[in-house]
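K.L.:
Handing you a structure now.
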Amino acid sequence: WDGKIDGTGTHAMIVTQGVSILENDMSKNEPESVRKNLEILKDNMHELQLGSTYPDYDKNAYDLYQDHFWDPDTDNNFSKDNSWYLAYSIPDTGESQIRKFSALARYEWQRGNYKQATFYIGEAMHCFGDIDTPYHPANVTAVDSAGHVKFETFAEERKEQYKTNTAGCKTNEDFYADILKNKDFNAWSKEYARGFAKTGKSIYYSHASMSHSWDDWDYAAKVTLANSQKGTAGYIYRFLHDVSEGNDPSVGKNVKELVAYISTSGEKDAGTDDYMYFGIKTKDGKTQEWEMDNPGNDFMTGSKDTYTFKLKDENLKIDDIQNMWIRKRKYTAFPDAYKPENIKVIANGKVVVDKDINEWISGNSTYNIK
């Protein structure tokens with residue numbers, strides 16, 4: 001969908017209506033804590049709108065926005081599925097970004113940082129909105145078809161007529177009640193997104209390609225924008241319940257992957273071209289280490305980089321991990337010093353490490369973060 005850097009456009013309309021839908025659908029039986037948190041969210045509405053459009057203007061973003069795409073049938077973005085794309089594949093998808101930003105939002109909300117948390121919710125809902133469109137879940141880029149941008153422009157110019165104000169039920173009825181059933185946040189989020197993405201992908205082939213008529217496009221925009229608004233309302237409803245009830249999405253669950261979100265200092269020459277690694281040691285003495293190397297330039301001054309690490313032992317709990325570290329290894333005989341600002345590590349939808357570093361790391365060095 002279209003979005004402007006000032007927090008306007010289709011993406012902003014979607015999140016604004018998502019909150020309005022939830023407010024209109026709120027059952028009188030909802031806990032007071034949920035209602036209070038909804039009011040806090042509304043007080044930060046402009047941050048929600050800004051977050052909802054920011055991913056399209058993020059200077060750290062991939063040039064082709066690979067991580068805004070997700071085919072719900074392959075679980076990949078176009079960098080893995082499209083034959084014309086010959087560069088390195090990007091592991092992050094629109095779906096994984098939803099979970100990452102939701103975890104960051106939950107963490108900041110629980111610390112009382114409502115403004116930052118709401119911005120993160122907006123970023124999560126940008127990605128959710130993208131994979132509800134016809135083009136993103138079909139992995140059809142602007143390179144593949146001129147229709148990608150044309151359809152987004154078509155919807156943007158008519159967005160007011162596609163607004164909706166209710167999900168068609170109260171929050172104590174099926175649509176919303178089903179959202180709260182699965183306490184495993186990551187599993188719930190992925191399948192919730194999958195349902196909406198499948199509809200968007202189907203609509204691309206039936207009504208939204210360049211071979212379809214204006215009437216077809218009108219139908220496609222009506223259905224997918226309604227789904228984006230309704231789906232956003234549902235996602236925010238789940239978020240509000242989780243933070244209101246203090247739900248811990250990681251309790252008792254095996255850790256299959258860790259997500260590291262690393263901020264490099266904005267200080268001059270803080271970035272590095274040296275090799276960077278992330279490692280863990282479990283209580284039984286076993287270690288595992290991964291190279292952190294995203295396609296393109298990462299660890300640049302002022303950058304925020306995301307890395308996903310698959311664990312060999314899928315029976316580990318987060319408490320089984322005794323130590324975590326980042327390690328720098330010289331790339332040349334004249335190594336860069338590197339100054340990371342902060343690292344957050346996410347497991348099962350929860351921020352389990354939040355480490356402010358703000359130190360120069362020189363030569364071949366290891367920095368323990370847990």
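Readers should treat all values here as calculations from the given coordinates under stated rules, not as data from a laboratory. Note that this is a predicted model, so its numbers are computed, not measured. Reconstructed Cβ throughout: ideal geometry from the backbone, glycine too, with neighbour counts over all protein chains shown.
K.L.:
Where a ≥ b ≥ c are the square roots of the eigenvalues of the C-alpha gyration tensor, would you call the stretch 156-203 rounded, which needs a/c under 1.5, or, failing that, prolate if a/b is larger than b/c, or oblate?
P.N.:
oblate
K.L.:
Here's another thing I want to ask about it. Order these by the 10 Å Cβ neighbour count, fewest first: Met26, Met276. Intermediate values should be presented prior to the final figure.
P.N.:
On the way: Met26 17, Met276 23.
Placing the least packed residue first, the sequence is Met26, Met276.
K.L.:
Pairs Lys190/Lys256; Lys317/Lys350; Lys230/Lys350; Lys100/Lys150; Lys283/Lys310; Lys286/Lys317: which are spaced more than 23 Å apart, C-alpha to C-alpha?
P.N.:
Over 23 Å apart, Cα to Cα: Lys230/Lys350; Lys100/Lys150.
K.L.:
Then there's this: How tilted is helix 147-157 with respect to the longest principal axis of the chain? Cα atoms for both, answer in degrees (0 to 90, nearest 10).
P.N.:
That helix lies at roughly 60 degrees to the long axis.
K.L.:
Along Cα→Cβ, 7 Å out, is where each label goes; now give me the distance between the ones at Asp215 and Met45 in nm to one decimal.
P.N.:
3.7
K.L.:
Right, next: For the chain, what is the relative contact order in percent, using Cα pairs closer than 8 Å and at least 6 residues apart in sequence?
P.N.:
18
K.L.:
Now a separate question. May I ask you to derive the relative contact order of the stretch 257-368, considering only C-alpha pairs under 8 Å and at least 6 residues apart, and to give it as an integer percent?
P.N.:
Working: 245 pairs, mean separation 40.4, N = 112.
In percent, rounded to a whole number, it is 36.
K.L.:
Tell me, Thr287, Thr301 in order of fewest to most beta-carbon neighbours within 10 Å?
P.N.:
The most exposed by this proxy come first: Thr287, Thr301.
K.L.:
Each residue of the stretch 275-287 in order: what ³J(HN,Hα) in whole Hz does its phi give by Karplus 6.51 cos²θ - 1.76 cosθ + 1.60, θ = phi - 60°, with x for Gly and Pro?
P.N.:
6, 10, 9, 10, x, 9, 10, 8, 5, 8, x, 7, 10
K.L.:
Quick one: if the Förster radius is 45 Å, what FRET efficiency do Ala226 and Lys370 give, using the C-beta to C-beta distance and rounding to 0.05?
P.N.:
Computed FRET efficiency for Ala226 and Lys370 comes out at 0.55.
K.L.:
Counting other C-beta atoms within 10 Å, which of Met300, Met13 has the fewest, and how do the rest follow?
P.N.:
The fewest-first ordering by Cβ neighbours comes to Met300, Met13.
K.L.:
Let me ask another. Full extension from Asn358 to Gln161: what is 0.36 nm times the residue separation minus their Cα-Cα distance, to one decimal in nm?
P.N.:
66.0 nm
K.L.:
Which FRET efficiency value, to the nearest 0.05, do you get for Thr287 and Asn254 by plugging their Cβ-Cβ distance into 1/(1 + (r/R0)^6) with R0 = 22 Å?
P.N.:
The value I calculate is 0.75.
K.L.:
What value, in deg cm²/dmol to 500, does the helix sum -39500 (n - 2.57) over DSSP H runs of n ≥ 4 give at 222 nm once divided by the residues of the chain?
P.N.:
Working: 10 runs with 143 residues, N = 370.
-12500 deg cm²/dmol, from helical runs alone.
K.L.:
Between [x] 56, 52, 38; [y] 63, 49, 37; [z] 90, 47, 40, which entry matches Cα extents along the principal axes in Å as derived from the coordinates of this structure?
P.N.:
Identified label for the calculated read-out: [y].
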